[in-house]
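The values are calculated or read from the model by the stated rules, or taken from the named source; none is laboratory data. Nothing here was measured: the structure is a model prediction, and the numbers come from that model. For neighbour counting, all protein chains shown are included, and Cβ atoms are generated from backbone atoms with ideal geometry for every residue, glycine included. SASA here: full protein model, heavy atoms, side chains in, ligands and nucleic acids out. Shrake-Rupley method; radii C 1.70, N 1.55, O 1.52, S 1.80 Å.
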Amino acid sequence: MLDPRLYREDVDTIRKGLDRRGAKIDLDAMVNIDIEKRKINLTLDQLKSERNIATEQIARMKRDGQDAQSAIEKTRSLGDEIKAQQEKFDELEKRFRDLALLVPNLPHASVPDGKTSADNVVRRVWGDKFAGPKPKHHLDFSRELGLHDFERGAKIAGSGFPIYVGLGARLERALINFFLDEHITHNGFTEIQPPVLVNQAAMIGTGQLPKFAEDMYTIGEDGLYLVPTAEVPVTNMHSGEVLDAAALPIAYAAYTTCFRREAGSWGKETRGFQRLHQFDKVEMVMFSDPAKSYQAHEKLVGYAEGLLQKLGLHYRVLELCTGDMGFGAAKCYDLEVFAPAEERWLEVSSVSNFEDFQARRANIRTKIEGKAQFVHTLNGSGLATPRVLVALLESNQTPEGGFRIPECLRPYMGGLEEIRPKKK
RNA sequence: GGAGAUGUGGCAGAGUGGUCUAUUGCGUCUGAUUCGAAAUCAGAAGUCCGUGCAAGCGGUCCGGGGGUUCGACUCCCUCCAUCUCCGCCA
């Protein structure tokens, strides 16, 4: 959510920011509601003030043993008037808030202008281009090694719910543990295991709701949502709190299963691991002093990159353009790994600075030099496993048809160096 | 799932229809005293909204929401959380 003051003090700034994003919002309507709301608020406050004076008089009369009946009669209508005005005010406030929750964040000045992913800027590329003969497609390769079972997953849940089998399951667990251990032992994160069901307030806090309701799995009976990312529970952990400034930045790393309906995006790019309804991800979440959030942002990207470097994967860092950024982001980097069989770059991490966009929604503040202010929230995948797995499977094939396990994962695989094809 | 209890400021803990502008204690901050500190004394301090150039002024907030009333921390309804006992259970 944007600072509500902006709508009346500097709506041009909002307009310019939204234009850069290509977002269409009826700002005039919002400004008018806000003006109307303030007008009513003023009369409402005056009426309440009158009532306070009147009831005080009644109290005094009663104390002095005087008959207050006529004063009570006179005040009676005031209550009805207040109730009527209050209803109007509440209605306007709700209308304004409902609209405000649908307004995306404004892009940071440094974000490149653009309309689509084609306008994103490649900031750097790490590692060498894949050399040698074209490897097998990860799905065929996985089948040969017996690591995953999509068919049976589809049988029990639907497409997009793979089963990890044997060493495939262990490899998944190895990735998760490797990511988490790196964050908590080298990068200074505190590990969190949050609930994977959250309430509506949490989903609004981080910006998934109200706009993206159709992407979420819901538990209607209990009013709960399955988390699409650990960002939701971990960020909202501190909702309504005033964080100790000395404790900032707070850095959490959390592994959760993530659930996404992916409504509307089903079609191509859906084969194998590239778009799943359920997947594993380790998420980095940070609460920062507003003045330091952009340094923190760069650090987060670095942590995610470090993982890919240890895995030995060829990747690139994109700076997203204004038109391609997510709803709440003020600035965002994407990390993409190269899948040599598909010959495509696959997004494995998205690292965003939300500034105070989420902190306003979730009411997360701190006190700096005696003044209460909203913190900045940041988060980034570190990392999501499925596409990392794709790149690994396609990049680490041995001439004998086996899968060479990257060194950093071997301790988590009981020292195993290679997964060999099943004997026929 | 059943029965009961509780929810008040940073913390502890009073307050059962009207100066509550929320008693008090601890903690915090400022000042006095002191070479400095402790102790002591005096004072200050919250949130959010509106209004104003500003000092300020008005409103709001006692778990959330709603109701009764001229007036609600106080009474009623409802939801949530915590605690105790019972039941069930990985």
query: Translational D (Stokes-Einstein, µm²/s) of the range A:197-260 at 25 °C and 0.890 mPa s when Rh comes from the Kirkwood sum over C-alpha pairs?
result: 194 µm²/s
task: Could you tell me which helices of chain A pass both thresholds, a Cα extent of 18 Å or more along their own axis and a mean Kyte-Doolittle hydropathy of at least 0.0, with helices taken as whole DSSP H runs?
output: A:167-185
- prompt: What pairs from A:Lys211/A:Lys299; A:Lys94/A:Lys211; A:Lys155/A:Lys423; A:Lys37/A:Lys94; A:Lys24/A:Lys115; A:Lys299/A:Lys371 go past 18 Å between their alpha carbons?
  reply: A:Lys211/A:Lys299; A:Lys155/A:Lys423; A:Lys299/A:Lys371
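Could you work out [θ]222 nm for chain A from helices alone, using -39500 (n - 2.57) per DSSP H run of at least four and dividing by all its residues? Round to the nearest 500 deg cm²/dmol.
Helix-only estimate at 222 nm: -12500 deg cm²/dmol.
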field: Among A:Met325, A:Met61, A:Met284, residue whose mean-square fluctuation peaks in a GNM of chain A (springs only between Cα atoms under 10 Å)
entry: A:Met61
field: Formal net charge of residues neighbouring A:Asn353 (Cβ-Cβ distance under 10 Å; K, R +1; D, E -1)
entry: -1
field: Accessible area per residue in Å² at 1.4 Å probe, computed on the range A:117-419
entry: 42 Å²
- prompt: So which residue, out of A:Glu36, A:Glu231, A:Glu319, gets the largest mean-square fluctuation from a GNM of chain A using Cα contacts under 10 Å as springs?
  reply: A:Glu36
- prompt: Considering the alpha-carbon set of the range A:24-161 alone, what are its Rg and its Dmax in angstrom?
  reply: 33.0, 101
Segment A:Gln193-A:Val121, extension gain: residue separation times 0.36 nm, minus the distance between their alpha carbons: 22.5 nm
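Let me know the whole percent of all Cα-Cα pairs from the range A:117-419 that are separated by more than 29 Å.
Tail of the P(r) past 29 Å holds 35 percent of the pairs.
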- prompt: When the Debye formula is applied to the Cα atoms of the range A:6-100, each taken as the same point scatterer, what base-10 log of I(q)/I(0) results at q = 0.19 Å⁻¹?
  reply: -0.89
message: So if the hydrodynamic radius of the range A:341-409 is defined as the Kirkwood radius over C-alpha pairs, what does Stokes-Einstein give as its diffusion coefficient at 20 °C and 1.002 mPa s, in µm² per second?
response: 138 µm²/s
message: List residues of the range A:129-143, by number, whose backbone nitrogen lies under 12 Å from a label position 7 Å along Cα→C-beta of A:Glu343.
response: A:134-135
task: Provide the percentage of antiparallel DSSP beta bridges, counting only those with both residues in chain A; round to the nearest 5.
output: 90 percent
message: Connecting C-alpha atoms closer than 10 Å in a GNM of chain A, tell me which of A:Ala341, A:Ala304, A:Ala59 has the biggest fluctuation.
response: A:Ala59
Simple spin-label estimate for A:Asp80 and A:Asn32 in nanometres, 7 Å along Cα-Cβ: 3.1 nm
Carbon plus sulfur fraction of accessible area for chain A, probe 1.4 Å, in percent: 49 percent
Restricting the range A:30-127 to chymotrypsin sites (Phe, Trp or Tyr not before Pro) in coil, as DSSP defines it, with at most 15 other Cβ within 10 Å: none
query: Across all directions of projection, what mean area in square nanometres is found for the Cα convex hull of the range A:139-248?
result: 9.9 nm²
query: Can you give the Kirkwood hydrodynamic radius of the range A:270-392 from its Cα pairs, in Å with one decimal?
result: 15.4 Å
